[in-house]
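The values are calculated or read from the model by the stated rules, or taken from the named source; none is laboratory data. All of these numbers come straight from a predicted model, not from anything done at the bench. FYI the Cβ positions are ideal-geometry reconstructions off the backbone, even for glycines, and counts take in every protein chain you see. With ligands, DNA and RNA removed, areas are computed over all heavy atoms of the protein, side chains included. Shrake-Rupley method; radii C 1.70, N 1.55, O 1.52, S 1.80 Å.
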Number of protein chains: 2
Amino acid sequence: MRGYSFFQRASRAFNDYPHLPKILVLFTVSGGGLAAVCHTAFADAGQDDIKKKKVVVLGTGWAGTSFLKGLKDPSYSVQVVSPRNYFSFTPLLPSVTCGTVEARSIVEPIRNIVKKKNFDADFKEAECYKIDTVNKKVHCKTTQPSHLGGGIEEFTVDYDYLVIAMGARANTFNTPGVVENAHFLKEVEDAQRIRRTVIDCFERASLPSISEEERKRILHFVVVGGGPAGVEFAAELHDFVKEDLAKLYPALKQYVKITLLEAGDNILNMFDKRITAFAEEKFARDGIQLKTGSMVVKVTGRDISTKERSTGQTVIIPYGMCVWATGIGSRPVVMDFMKQIGQTNRRVLATDEWLRVEGCNEIYALGDCATINQRSVMEDIAIIFSKADKNNSGTLRVDDFKEVINDICERYPQVDLYLKKKQLKNFNALLKNSEEDAEINIEKFKTLLAQVDSQMKNLPATAQVAAQQGSYLADCFNRMKICEANPEGPMRFRGTGRHRFHPFR
Amino acid sequence: MRGYSFFQRASRAFNDYPHLPKILVLFTVSGGGLAAVCHTAFADAGQDDIKKKKVVVLGTGWAGTSFLKGLKDPSYSVQVVSPRNYFSFTPLLPSVTCGTVEARSIVEPIRNIVKKKNFDADFKEAECYKIDTVNKKVHCKTTQPSHLGGGIEEFTVDYDYLVIAMGARANTFNTPGVVENAHFLKEVEDAQRIRRTVIDCFERASLPSISEEERKRILHFVVVGGGPAGVEFAAELHDFVKEDLAKLYPALKQYVKITLLEAGDNILNMFDKRITAFAEEKFARDGIQLKTGSMVVKVTGRDISTKERSTGQTVIIPYGMCVWATGIGSRPVVMDFMKQIGQTNRRVLATDEWLRVEGCNEIYALGDCATINQRSVMEDIAIIFSKADKNNSGTLRVDDFKEVINDICERYPQVDLYLKKKQLKNFNALLKNSEEDAEINIEKFKTLLAQVDSQMKNLPATAQVAAQQGSYLADCFNRMKICEANPEGPMRFRGTGRHRFHPFR
């Protein structure tokens, strides 16, 4: 740090004599500029930043990047930590595998975003491997390949607010051989590798010494997982191999086969049945083989073993390339963190409706690494009742709800969804539905709302949700001070006053 | 091969009864079409091809691709064998390292070229590892990664004509540690790897735990070799790191250093001195450090050791990324082939002026794997004299040369170059130069031409030369029959008649 000795000394002087208020002001004002210099010049966030709240963002996927883009309040100092120094437009990954879209066209350097910020922002290409909530710091290590000379670098970054947006990893369900032999489709590199492998398969199948049987094996492309990712990839792969590559390898067209394996009864089972039917028809038309009720139990370099639900038998499927798209799981660092904060029995990090990690202070989680653990109405039914029952009469008339109805609907969005499903005009209609204008006691109230929580749904782990959460959280951060003074959220049923922000929708 | 049993059986039937001349004709005619089907459908070149001369092209660089593109005579059946199924426009590789040009934009799939051919042509993605001149076949093995399941495939391809255009490999001069630690700049993958490494260096240098000294090391980019490749890469790298990357990593600009190491006294020593001076000035202006007389003796993961010619001392240079661009060497398969045909003391394959490999029949070599071993005038001086001396008088008058002068100049291009250098109008001027109209005997003739061979120069190993040789050879192949009947080349001084083709210029 010798190079910055002047700034360092200046900063230290201020630190050593904090009782000099005039110098303090001077340094705080001019120090703003200095801090920026020091900061980008690798000084750790020093004393100059004392007024700036340190926001650390882990991850540069949809959630992290959309948060970073949305953040505008210059009173924060932002550190982004991610092993990827770019954001990638993941919905186009299948198109990259097929060469329709160039990898470069779907990535955006994070440093381009960082440098446009009007406030103190920096990026570090590293992986967070531990979150220390006690000392409010994250432990990071480098991910650059070792060939640069020098081993793994470790460092820590302090935070006041931590935004966890590390995404998820592909979930192999511990199926043996998947990591070694199958391709995932999470990163740009995955897409490029798949593209190269498909072409390698065609080249190898073109060789004169390859037997008919082996040629069929090599040109059998298997996609595991009938979710949107697997289905879309299978369709794109079909266009690639049957249209583009067939022109270059006309003699191989007859050998090419694509199979999609799905353990459940249907592909796209989270969507409307009409969508499933449409996809199944398209697959049939394109000659993509669809095998449902077929659970992969093992993958070797040449074969996939499945357990067939209908027969209970194990089937061996020779293949050339296998793409694994069965869903997502938590990253090890997130699992460790969950253990640490007592969220042991969950698949992903649980947050409240404001994206705050349950059981933590000033830690937010969004995107694929988290789910919103929506509060059930039943859990709070007594509190809701008592908040409405201002005079503690033990019974409520419909009119008593007037004051709290909007807060209930905002705090418990399942109420609205339930009303919609039942085709009721509003909450009053639900209450009135049973008896005209009657008084309602707590038991009655419970009965009326008993079905409401059935409408609670986890948000899907999609790019869209992650991006919306990022924007939402950035907006909250931007208006933190305003909303602390003038809370705009719903009534706190369990506490007093109102929530600072509207919950995430 | 069950799928083609009809064609196979047909072909075999013909093979088993070669004494049936009528069937022979039938099968040869209709077999032309069948052969194309069989061929693209992986049948080895069968009996149907009996009339087609099999041309095997090894390599898909400038020489091989330009030969393939130029070949138009449909009487050949062409097999291209190369570990790369694309041609890459290598002069743009430095631009790919810097992201100015996308890798995809500089490659062309060989199969695109192959499929446009109006004759029987096929490509095999494999590496030739042995040339068998006795049985006229090349031995090949696959290069696809093993993750496709199944090991290395081996096969042979028969040839009537073999075109060796396998290029060269980077020459490390056996300097320890180069292969392990330095980057080359031969292939598209090299360029992409260099690009990633440069960015890795910047990301690593951005980390807070990196010391000043280490930061300087990581951002020290060393280019070894002051030829055109090294000089151009250093200049492109300068623009990349000092212009593009400086914007994304403003705090690192001051640490970035580029050094070019050259063992000789000058960079670009094969060019005009003015070009060298221009490049040196540009380097000085850009702040690229140029160290001449500095020979690299060892490369480790962090340091380059050089022996300094001026002091004799060894200097240790810490570096972050090293690009090795010191020139080219022969590939192992070419070295083996050279041994096999008795070309032991040469750096690359020697061919005659018609690109035919010396000591072989129907084997051609072009591009970086070969040099034209130009015939010296002195070697043939007696023959030249006797061809001119038609009446065997033992002396020649200037007029006697009239008939052979053009042939001499075409066969020995150094004669023309020598005349140009001496600013003589023509060959007669050289002869007349000594004594007016005198008779010239063999000794006198020798003396007059003694300096001519000093003008023999090897062609540089450039893309341009390789491409020109490819076109030239394709043109020869296209006109093989015509030129056999009507040779267009110069007089055969050692033999009788004329050469079929003009020699390569």
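Below are the figures for this structure:
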read-out	value
For the protein assembly as shown: accessible area per residue (Å², 1.4 Å)	47
About the Cα centre, charge dipole magnitude for the protein assembly as shown (Lys/Arg +1, Asp/Glu -1 at Cβ), debye	180
Normalised contact order of chain A, rounded percent, pairs of Cα under 8 Å and 6 or more residues apart	15
Exposure of A:HIS220 as accessible area (Å², to 10), given a probe of 1.4 Å and all protein chains	10
Average other protein chain Cβ within 10 Å of Cβ, residues A:149-155	5
Relative contact order %, segment A:101-146, counting alpha carbon pairs below 8 Å whose residues are six or more apart	25
Dipole of segment A:323-372, positive end: most advanced residue of A:MET335, A:ALA325, A:VAL357 [Cβ charges, Cα centre]	A:ALA325
Identity and axial distance of the chain A residue whose Cβ lies nearest the axis relating A to B, Å	A:GLU102, 3
Bins of 20 Å from zero: percent of alpha-carbon pairs in the protein assembly as shown	10, 30, 31, 18, 8, 2, 0, 0
Distance (nanometres) between label positions extended 7 Å along Cα→Cβ at B:ASN118 and A:ASN486	8.1
Point-to-point label distance, A:ARG494-B:ILE383, nm (Cα→Cβ direction, 7 Å offset)	10.1
Shape of segment B:143-294, Cα gyration tensor, a/c cut at 1.5	oblate
Cα-Cα over 31 Å, subset of B:LYS242/B:LYS298; A:LYS253/B:LYS186; A:LYS387/A:LYS425	A:LYS253/B:LYS186
Three-way shape call for segment A:451-494 based on the alpha-carbon gyration tensor, with the a/c threshold at 1.5	oblate
Accessible area that becomes buried as B packs against A, both chains, 1.4 Å probe, Å², nearest 100	4800
Solvent exposure ordering (accessible area, 1.4 Å, most first) of A:MET378, B:MET166	A:MET378, B:MET166
Residue-level accessible surface for A:ASP475, protein heavy atoms, 1.4 Å, Å²	70
Candidate residues A:LYS130, B:LYS72: accessible-area rank, largest first, probe 1.4 Å	B:LYS72, A:LYS130
Charge dipole of segment B:442-505 about the Cα centre (unit charges at C-beta), most positive-ward option of B:ALA463, B:PHE445, B:ALA485	B:PHE445
Heavy-atom accessible area ranking, 1.4 Å probe, most first, across A:ASP265, B:ASP200	A:ASP265, B:ASP200
Check: segment A:323-417 dipole with +1 on Lys, Arg Cβ and -1 on Asp, Glu Cβ, in debye	320
Under 18 Å from the Cα of A:LYS422 - lysines, other chains or at least 8 residues apart	A:LYS432, A:LYS446, A:LYS457
Only Lys, Arg (+1) and Asp, Glu (-1) charged, at Cβ; chain B dipole about Cα centre in debye	560
Cα gyration tensor category, rounded, prolate or oblate, for segment A:417-505 with a/c compared to 1.5	oblate
Shortest-first nm distances, B:ALA284 label point to equivalent points in other copies (7 Å, Cα→Cβ)	7.9
7 Å along Cα→Cβ, label-point gaps from A:ARG397 to other copies, nm, shortest first	14.3
Inter-copy separations for A:ALA463, label at 7 Å along Cα-Cβ, nm, ascending	3.4
In segment B:371-421, the trypsin sites (Lys or Arg not before Pro) that fall in loop regions by DSSP, at most 11 other Cβ within 10 Å	B:LYS390
Shielding by partners, peptide B:120-127 (average Cβ within 10 angstrom, other chains)	3
Solvent-accessible surface (1.4 angstrom probe) belonging to B:ARG498, in square angstrom, nearest 10	100
Value of [θ]222 nm, deg cm²/dmol, for chain B, DSSP H segments ≥ 4, -39500 (n - 2.57) each, nearest 500	-10500 deg cm²/dmol
